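The values are calculated or read from the model by the stated rules, or taken from the named source; none is laboratory data. Because the structure is predicted, anything quoted here is derived from the model rather than measured. Here the Cβ positions follow ideal geometry from the backbone for every residue, glycine too, while neighbour counts run over all protein chains shown.
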Amino acid sequence: MPQDTSKSMNFPNGQAVIAGDRARPLANYPHSRIVGGFVFVSGISSRNFDNTYEGVKELPDGGFQLDIKEQTKAVIRNIESILKSSGATLNNLVDLTVFLKDMNDYDGFNEVYNQFFDAKTGPCRTTVAVSELPSPKLLIEIKAIAIAP
């Protein structure tokens, strides 16, 4: 794993955080922004620092097999790492917006999600189906809001 070289920069719209040990954003935006007592986390996927994807098995014919459970676990771990760079933890989460490529993956997603969160202390959550995500290798992306520590 790469060394955490997180950078934090203050701007009029809050403190931008770029987590040095996470995959770089594909455009000009931070991994998270701290403002008004909250940490706003950009949409996060299962993409690794080296631009590979968790939950993707390359097939001999050039295609790939996707695993919603592995991708969900990786996304939550990536959010956890980004929150850490912002001084927070998963326990600080108050709201998640989950984007699923296919609602047939809802049960597999929930199975992993429920290993990390419970109804009493976990964040509020909205789950929606989308027609596409930034890569055909992605089944899930999550956007998060946490209380800043």
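For the reader, a short list of remarks on this structure follows.
- Selection status of S45, at pLDDT below 80, surrounded by 12 or more Cβ atoms within 10 Å (Cβ to Cβ) and touching a strand residue (DSSP E or B) at 6+ places or on another chain (Cβ under 6 Å): no
- Among residues that are over 12 Å from the mean Cα position of the chain (by Cα), surrounded by fewer than 19 Cβ atoms within 10 Å (Cβ to Cβ) and under 16 Å from Y53 (Cβ atoms), P136 is included.
- Being touching a His at 6+ places or on another chain (Cβ under 7 Å), at pLDDT below 95 and closer than 30 Å to N10 by Cβ holds for only one residue in I82, I34, and it is I82.
- Test: residue in segment 37-48 that is farther than 21 Å from A148 by Cβ, over 14 Å from the mean Cα position of the chain (by Cα) and touching a residue at least 12 places away in the same chain (Cβ under 8 Å): no
- Identity of the residue in segment 66-89, small (G, A, S) and in contact (Cβ under 8 Å) with a residue 60 or more places away in the chain, that ends up surrounded by the fewest Cβ atoms within 10 Å (Cβ to Cβ): G87
- Once segment 92-119 is narrowed to residues that are exposed (fewer than 14 other Cβ atoms within 10 Å of the Cβ) and hydrophobic (A, V, I, L, M, F, W, C), the residue that is modelled with the lowest pLDDT is A119.
- Selection of segment 41-88 for residues being of a type in the set (V, I, T) and in contact with an Asp or Glu (Cβ under 8 Å, 6 or more places away or on another chain) yields I44, V56, I68, V75.
- Residue match in segment 85-107 (condition: assigned to a loop (DSSP other than H, G, I, E, B) and hydrophobic (A, V, I, L, M, F, W, C)): yes
- Residues in segment 52-75 that are in a loop (DSSP other than H, G, I, E, B) and under 26 Å from Q115 (Cα atoms): T52, E54, G55, D67.
- Between G14, G63, G55, the distinction of being modelled with pLDDT under 95 and crowded, with 18+ Cβ neighbours inside 10 Å belongs to G14 only.
- Checking each residue in segment 48-66 for being out of contact with any strand residue (DSSP E or B) (no Cβ under 8 Å at 6 or more places or on another chain) and farther than 26 Å from D95 by Cα picks out D50, N51, T52, P60, D61, G62, G63.
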